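The structure appears below as structure tokens.
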Amino acid sequence: MKNTLSWVLVLLLIVSLLNNCLSSKVQRDITQKKSFIAKLRELYASGDRSKWPAPMLDEEAKPYFSEIGHLPEVQFPQDNPYSSEKAFLGKTLFYDPRLSGSNQIACASCHDPELGWCDNRMVSFGHDRQLGTRNAMSILNTAYATTLFWDGRAASLEEQSQMPIQDKKEMSEHVEIAAGKIARIKGYEILFEKAFGDKTVTKERITKAIATFERTIKSTPSKFDRFIDGETHLFTDDEVMGLHLFRTKAQCVNCHNSGYFSNNRFENIGTSLLNSKEEDLGRYLMTKNPDDVGKFRVPGLREVVRTYPWMHNGSFTSLTDIIQIYNKGNPEPYKNRSTVHNGITLNSQKSDMLRLLDLTDEEVAQLEAFLGTLSTKNERIQPPALP
Ligand code: HEC
Ligand code: HEC
């Protein structure tokens with residue numbers, strides 16, 4: 001009896017010792033993690049990017065990498081310099097539905113400042129409520145895009161801005177006719193005169209004014225900008241870890257880099273859904289180069305929280321889902337990797353930069369928390385009075 005009792009006592013002692021050991025290990029781990037995050041916080045908020053831990057980049061990403069950070073000053077092209085009068089004319093035209101065939105649809109119909117300068121729809125509807133095939137991109141920070149559209153088919157904002165006017169599913173109007181309509185509206189004379197020196201209305205002037213306005217639509221400093229400038233306590237621990245993961249283990253910076261959070265390149269992340277009803281050959285449609293099948297322009301991630309749903313087809317409504325897809329290296333289904341287009345067999349070749357990332361659920365949540373810090377509030381822009 002006595003013997004049993006002492007055995008029980010010894011056992012209890014061992015269990016309690018083990019327990020103590022374990023909880024002090026957990027405690028140690030927590031303290032270590034806390035001090036690791038505190039160190040990261042100090043480096044990232046130091047105001048000196050050279051102190052940041054090195055990014056984890058693939059060889060092929062290096063030539064196109066520049067560090068994430070603030071948005072630089074907007075560059076206005078030499079043949080279309082900025083003036084506030086021109087930007088104001090551009091803003092007025094951006095809101096004017098008379099540029100459309102039905103006189104009902106303006107640029108602002110699909111690029112609404114209250115909806116993150118897009119329309120928050122999977123795909124837009126335009127003329128006669130026809131549905132388009134792609135998700136409307138926000139025009140926020142579009143001044144930093146070196147080519148426009150998901151497939152880069154426009155080389156400048158000037159060139160881009162006449163395309164939706166002529167698109168049968170969008171505004172469905174001939175640009176010359178649109179320009180003629182604007183020229184007949186008396187109140188525009190003074191706006192053209194102030195912007196261009198005389199009251200002549202041409203389609204070139206219309207596109208130049210709209211492009212100038214668009215270049216002024218730039219994100220104001222976000223929580224991320226303020227944090228890296230030294231507001232050390234602005235980020236939660238999860239946001240600090242998310243920023244670090246974005247640049248290291250999750251390797252998002254391979255493609256989403258610079259102050260614009262895009263390297264402005266075209267990449268295939270396995271979203272082209274070849275051989276299905278939703279098939280989109282992406283950049284190939286523009287270049288006809290088989291290597292470009294399924295490539296889309298890397299979108300900038302500033303304001304990403306406001307510009308849902310995501311991807312070229314608006315097929316994602318959850319950022320967690322997007323990060324989980326990257327986490328798995330996007331296992332594109334086999335049946336969607338090849339298609340026959342105009343008699344040519346085309347294959348989707350997913351980027352080698354996509355791979356299993358091995359992120360825990362906690363890390364996925366931290367990345368998502370970080371993406372939140374890149375967004376600012378929706379503006380309440382007063383629409384201009386139309387002449
Ligand atoms: C019916 C909806 C609709 C209308 C109206 C519309 N857009 Fe768009 N916009 C879109 C869609 C959809 C895309 C993406 C299309 C694609 O990539 O193929 C887009 C893309 C853009 C882009 C590219 C942004 C980037 O980062 O590449 C710009 C700039 C733009 N639109 C400006 C305009 C202007 C200026 C007007 C008016 C002249 C206009 N849009 C009218 C739906 C619309
Ligand atoms: C190989 C280059 C590449 C890498 C690496 C990459 N992305 Fe992307 N990302 C893209 C491309 C290309 C698209 C657009 C694809 C499409 O529209 O079908 C995109 C789209 C997105 C979108 C949707 C944005 C929008 O406006 O629709 C989010 C969010 C995103 N990526 C986040 C991430 C995160 C987080 C990581 C790291 C885990 C990451 N990306 C890594 C190339 C990349």
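We did not get these values from a lab; they are worked out from the coordinates using the rules stated. In this text, all values refer to a predicted model and were calculated from it rather than measured experimentally. We place every Cβ from the backbone using ideal geometry, glycine too, and count neighbours over all the protein chains shown.
Details
- In the structure shown, the pairs K169/K377; K218/K377; K51/K350; K168/K203; K86/K168 are assessed against 22 Å; a Cα-Cα span above that value is assigned to K169/K377; K51/K350; K86/K168.
- Our coupling estimate for region 130-137, obtained by passing each phi through the Karplus curve with A = 6.51, B = -1.76, C = 1.60 and θ = phi - 60°, is 6, 8, x, 10, 10, 6, 5, 7 Hz, Gly and Pro reported as x.
- Region 276-345 versus region 80-138: alpha-carbon centroid distance in Å: 24
- Each Lys and Arg contributes +1 and each Asp and Glu -1, all at the Cβ; summed about the Cα centre of the chain, the dipole is approximately 360 debye.
- Residues in region 57-66 carry Karplus couplings, in order, of 10, 7, 3, 5, 8, 4, x, 10, 8, 9 Hz; the curve used is 6.51 cos²θ - 1.76 cosθ + 1.60 with θ = phi - 60°, and Gly or Pro positions show x.
- Kirkwood-type radius of region 84-215, with distances r between different C-alpha atoms, in Å: 14.8
- Close amide H pairs (under 5 Å, H built 1.01 Å from N) link H341 with L346, residues at least 5 positions away or on another chain.
- Amide H within-cut-off set for G282, under 5 Å, with H built and near neighbours excluded: G294
- Among T360, T92, T133, residue whose mean-square fluctuation peaks in a GNM of the chain (springs only between Cα atoms under 10 Å): T360
- When restricted to Cα atoms, the chain yields an Rg and a Dmax of 26.2, 110 Å, respectively.
- Residue of N268, N257, N336 that the Gaussian network model of the chain assigns the largest fluctuation, springs spanning Cα pairs under 10 Å: N336
- Low-density loop cleavage sites - chymotrypsin sites (Phe, Trp or Tyr not before Pro) in region 1-67, where at most 16 other Cβ are within 10 Å (DSSP): F65
- Rounded if a/c under 1.5, otherwise prolate or oblate - region 263-387, Cα gyration tensor axes: oblate
- Within region 348-387, trypsin sites (Lys or Arg not before Pro) in DSSP loop having at most 16 other beta-carbon neighbours inside 10 Å: R355, K377, R380
- The chain, relative contact order [Cα under 8 Å, separation at least 6], %: 21
- In order along region 271-279, phi translates into HN-Hα couplings of 10, 7, 6, 4, 6, 10, 4, 8, 3 Hz, rounded to whole numbers, per the Karplus curve 6.51 cos²θ - 1.76 cosθ + 1.60 with θ = phi - 60° and x for Gly and Pro.
- Percent of alpha-carbon pairs separated by more than 23 Å within region 185-285: 60
- Here the label points at Q78 and D321, each 7 Å from Cα along the C-beta direction, are separated by 4.8 nm in the simple model.
- Positive-pole candidate from S16, F316, A385, dipole of the chain, charges at beta carbon: S16
- The H on the amide N of A154, modeled in the peptide plane, is under 5 Å from the matching H of L148, each at least 5 residues off or on a different chain.
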